[in-house]
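Inspection log for the structure reproduced underneath, given as structure tokens.
Taken together, the values in this text are just the output of simple stated rules run on the coordinates, not laboratory data. As the structure is a computational prediction, the values presented were derived from the model and not from experiment. So basically every Cβ, Gly included, is an ideal-geometry build from the backbone, and we count neighbours across all protein chains shown.
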Amino acid sequence: MDAALVLVALADAWVHVDPGQRAAMSCALLAALALTVRRRLPLTTFVLTLPTALVSDAVVAPTVALYTLASLSRRRVLPACCALAYAITDFLPWPWSSMETDDLARTSGLVHLGYTLAAAAAPVFLGRLVQARRELSLRLAEISEAREHERLLTAQSVLATERAQLAREMHDVVSHQVSLIAVQAGALQVGGPDAETRQAAAAIRRLSVQTLDELRHMVGVLRASGSRPTELTPQPSLADLQRLVDGSGLDAKLDPDLPADLPPTVQRAVYRTVQEALTNARKHAPGASAAIRIQRTHDTVRTTVTNTAPTRPALPLPSAHHGLAGLRQRAALLGGTLSAGPTEDGGYRLSLDLPLDHEG
């Protein structure tokens, strides 16, 4: 595309510039070659193409440069000022001493000025439209990713609940009954009337103990529900926080001095709290940065996740509003508290306080 635009600009210079006019031809060639860096240096490219509009009728290079500047610049005033400068430059004759001052010339000059203003405004409007379309595409991609992430979290939550229910049933019912079988078999092994009965009771007891061991292992696997429905991985801990922060898609900083030797349940609660806070910051505060701090006192662990104000408006996303409620329930089960709310600078802060001596 860039090579094609350079060729079109050179063709425009060849048609509208007399080869005998060295100054005009030099400006036209410089403007055409400047288009090769229009994406990296849009303002510099426009400045280099502006003299072409003054000394010649070649307008392809400055028009393309103005469009590129408008499509890449985040500021609205700069493209408008550049468009006005282009219109004035294209309107003024060269040399300036050839400007006519009679009534007819002023009337035709006003018409020419209106035409140049329209010609300068067109690439700016087109560039802004392309920029808006590009940003909308990025927002749609972010929404799709957020929805997919939310669906994954929902599936993980449902799976974890089902596994926890199954683990409780196996622990409370099946394991209890197998334990009774093992106890009765042990009693029969000791007080059996004959050797054959005692041998059968010993076999029953041995198989019951093996079954209990397998059941305990299965209950442990079911309780340690992993991050994906098809995986059986251990529950996360503080050692996994840095990987979570790096993969959050935010400019997030984690306090490097993490407390050591915390109970596994506390570590899991801290991890899930940070995970939910980063997810909410990504959904509701686009462009914000986050800071995660974990402090340990004598008998309490405080986790604080603070994000700054968003740098661009957030689009409304579907949400079940269960994230904070689930965190509060988890904190209550561990004897702790969870608080969340906006900060004075427009950001958001989530704090979790958990005791270390809670028994649950």
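Restricting to the chain, what percent of DSSP beta bridges are antiparallel, rounded to 5?
Percentage antiparallel, nearest 5: 85.
Sort segment 2-99 into rounded, prolate or oblate with this rule: let a ≥ b ≥ c be the square roots of the eigenvalues of the Cα gyration tensor; rounded if a/c is under 1.5, and if a/c is not under 1.5, prolate when a/b is larger than b/c, oblate otherwise.
Note, shape of segment 2-99 comes out oblate.
Please list the non-local residues whose amide H lies under 5 Å from the amide H of V301, H modeled 1.01 Å from N, same-chain partners needing a gap of 5 or more.
L354, L356
How long are the three semi-axes of the equivalent ellipsoid of segment 238-355, in whole Å, if each is the root of 5 times an eigenvalue of the C-alpha gyration tensor, listed from largest down?
Taking √(5λ) for each Cα gyration eigenvalue gives 23, 16, 13 Å.
Taking only DSSP H segments of four or more residues, each worth -39500 (n - 2.57), what value at 222 nm results for the chain once the sum is divided by all its residues, to the nearest 500 deg cm²/dmol?
Helix-only estimate at 222 nm: -21000 deg cm²/dmol.
Could you give the Stokes-Einstein D for the chain in µm² per second, using the C-alpha Kirkwood radius, 10 °C, 1.306 mPa s?
Once the numbers are plugged in, D ends up at 58 µm²/s.
Residue-wise, which Karplus ³J(HN,Hα) couplings in Hz belong to segment 261-271, taking 6.51 cos²θ - 1.76 cosθ + 1.60, θ = phi - 60°, and x for glycine or proline?
Karplus-based 3J(HN,Hα) across segment 261-271 equals 6, 7, x, x, 5, 5, 4, 5, 5, 5, 4 Hz.
Can you give me the angle between helix 77-91 and the longest principal axis of the chain, using Cα atoms only, in degrees from 0 to 90, rounded to the nearest 10?
20
Spin-label point model (7 Å from Cα, Cβ direction): what's the L140 to A260 distance in nm?
5.2
Order 50-62, 32-44 from most to least packed using the mean count of other Cβ atoms within 10 Å.
50-62, 32-44
Against the longest alpha carbon principal axis of the chain, how many degrees, from 0 to 90 and to the nearest 10, is the axis of helix 22-34 turned?
So the helix axis and the longest Cα principal axis differ by about 10 degrees.
Each residue of segment 129-143 in turn: what ³J(HN,Hα) in whole Hz from Karplus with 6.51, -1.76, 1.60 and θ = phi - 60°, glycine and Pro shown as x?
For segment 129-143, the Karplus-derived couplings read 5, 5, 4, 5, 5, 5, 5, 5, 5, 5, 4, 4, 5, 5, 5 Hz, x marking Gly and Pro.
Starting at the first residue of segment 151-160, write each ³J(HN,Hα) from the Karplus equation 6.51 cos²θ - 1.76 cosθ + 1.60 with θ = phi - 60°, in whole Hz, x for Gly and Pro.
Each residue of segment 151-160 in turn: 4, 5, 5, 5, 4, 5, 5, 4, 5, 5 Hz.
Working from Cα positions, state the angle (0 to 90°, nearest 10) between the long axis of helix 60-72 and the longest principal axis of the chain.
Tilt relative to the chain: about 30 degrees.
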